[in-house]
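Read the structure below first, then the notes.
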Amino acid sequence: GPNGASTAVQFVVTATATVSNTDYAVVADGGYGAAGTAPVVTVVGGPVLTIGKSGPAAVRQGETITYTLVVSNVGSQAAFALVITDTVPAGATYLSGGMLSGGEVVWTVPSLGPGAQVAVQFAVQAQATVVNDDYGVIAAGGFSAPAGNAVITEVRPWQLYLPLSIRR
C-alpha cells in the first residue's frame, strides 16, 4: 500500500484466566517485518472489592466509639495482600484495634476469596461529634475500593438529674 498506510487485523480467544500476549509480529514480501514490543495483558475476571463501615449514631462523652469496617470480594478471583486503612477522625483519640501508623489505622489481610468478606474494628473516644469518612482498601494488582458511607457519631454530654423534694 501507500507510504504510511496501516492495516488492522483481529482475532478472538476465549480465556478463563488473565492472558498476556507478548509474541506478535508482521512479515511482508521482500523480507520486511516488525515484532511487537509492548505486551498486551488482558485481565479476565479478577477481584472486585467493596468496603462499608458502621458505628454508633450517638454516645455519651467518655464512652467508647467502636467502628466496624467490612471488606467484601464480589469478584470472580481472589484478592491478595489487602491493606485496609482508616484515618482516626479529627477530634477523636485512638484506643485500640488494627495498628496505628501516623493518624491512620491499618490492617493487612493475606487473601480474600471470591464471595468472601472480612470485618475489622477499632475504637476511639471523643468529646464532641465526629465524622469518619476517610477509609478504603487496596489489594495487589491495584484492585481497590474507596470509602463508601460516612459514619457520624454524636457525642452527648452526661446529664445529671437531682431529685426534687418538697417539704411542707
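The values are calculated or read from the model by the stated rules, or taken from the named source; none is laboratory data. Worth saying up front: this structure is predicted, and the values here are computed from it rather than measured. Cβ atoms come from the backbone with ideal geometry, glycine included; neighbour counts cover every protein chain shown. Keep in mind that these areas ignore ligands, DNA and RNA; they rest on the heavy atoms of the full protein, side chains included. Shrake-Rupley method; radii C 1.70, N 1.55, O 1.52, S 1.80 Å.
If you check Gly75 against the conditions, is it open to solvent by less than 30 Å² (accessible area, probe 1.4 Å) and of a type outside the set (A, V, I, L, M)?
Working: open to solvent by less than 30 Å² (accessible area, probe 1.4 Å): yes; of a type outside the set (A, V, I, L, M): yes.
Against the criterion (open to solvent by less than 30 Å² (accessible area, probe 1.4 Å) and of a type outside the set (A, V, I, L, M)), Gly75 qualifies.
Which of the residues that make up region 82-93 are open to solvent by 60 Å² or more (accessible area, probe 1.4 Å) and either assigned to a strand (DSSP E or B) or more than 26 Å from Val124 (Cα to Cα) (or both)? Even if it seems obvious, please write down each step before you answer.
Looking only at region 82-93, we keep the residues that are open to solvent by 60 Å² or more (accessible area, probe 1.4 Å), and these are 90-91, 93.
Passing the criteria: only Thr93.
Among what's in region 94-107 and is assigned to a strand (DSSP E or B) and either basic (Lys, Arg) or farther than 30 Å from Pro157 by Cβ (or both), pick the residue that is most open to solvent (accessible area, probe 1.4 Å). First the steps, then the outcome.
Of all residues in region 94-107, those assigned to a strand (DSSP E or B) come to 94-96, 99-101, 104-107.
Within this subset, residues satisfying the condition of being either basic (Lys, Arg) or farther than 30 Å from Pro157 by Cβ (or both) are 99, 101, 106-107.
On the way: Met99: 131, Ser101: 70, Val106: 36, Trp107: 28 Å².
Across region 94-107, the extreme among qualifying residues is Met99.
Taking the condition of being under 15 Å from Lys53 (Cβ atoms), more than 14 Å from the chain's Cα centre (by Cα) and not hydrophobic (A, V, I, L, M, F, W, C), how many residues in region 77-103 meet it?
Initially, region 77-103 is screened for residues under 15 Å from Lys53 (Cβ atoms), giving 84-89, 92, 97-98.
Right, trim to more than 14 Å from the chain's Cα centre (by Cα) and you get 88-89, 92, 97-98.
From what is left, the residues that are not hydrophobic (A, V, I, L, M, F, W, C) are 89, 97-98.
Result for region 77-103: 3.
If you go through region 131-164 one residue at a time, how many are farther than 14 Å from Gly52 by Cα and open to solvent by less than 90 Å² (accessible area, probe 1.4 Å)?
Just the residues of region 131-164 that are farther than 14 Å from Gly52 by Cα, to begin with: 131, 139-143, 153-164.
Then keep just the ones that are open to solvent by less than 90 Å² (accessible area, probe 1.4 Å); that gives 131, 139-143, 153-155, 157.
Qualifying residue count for the region: 10.
Could you tell me whether any residue of region 123-130 is open to solvent by 40 Å² or more (accessible area, probe 1.4 Å), among the polar types (S, T, N, Q) and not in a strand (DSSP E or B)? Write out each step before concluding.
Of region 123-130, the ones open to solvent by 40 Å² or more (accessible area, probe 1.4 Å) are 125, 127-129.
Remaining after also requiring among the polar types (S, T, N, Q): 125, 127, 129.
After this cut, where a residue has to be not in a strand (DSSP E or B) as well, the list is 127, 129.
Yes, region 123-130 contains at least one residue that is open to solvent by 40 Å² or more (accessible area, probe 1.4 Å), among the polar types (S, T, N, Q) and not in a strand (DSSP E or B).
Could you identify the single residue in Ala57, Ala35 that is open to solvent by 70 Å² or more (accessible area, probe 1.4 Å) and within 30 Å of Gln159 (Cα to Cα)?
Ala57
Only one residue in Pro163, Pro114, Pro110 is outside any strand (DSSP E or B) and modelled with pLDDT of 95 or more, so which one is that?
Details: Pro163 fails: modelled with pLDDT of 95 or more; Pro110 fails: outside any strand (DSSP E or B).
After ruling out the rest, the residue left standing is Pro114.
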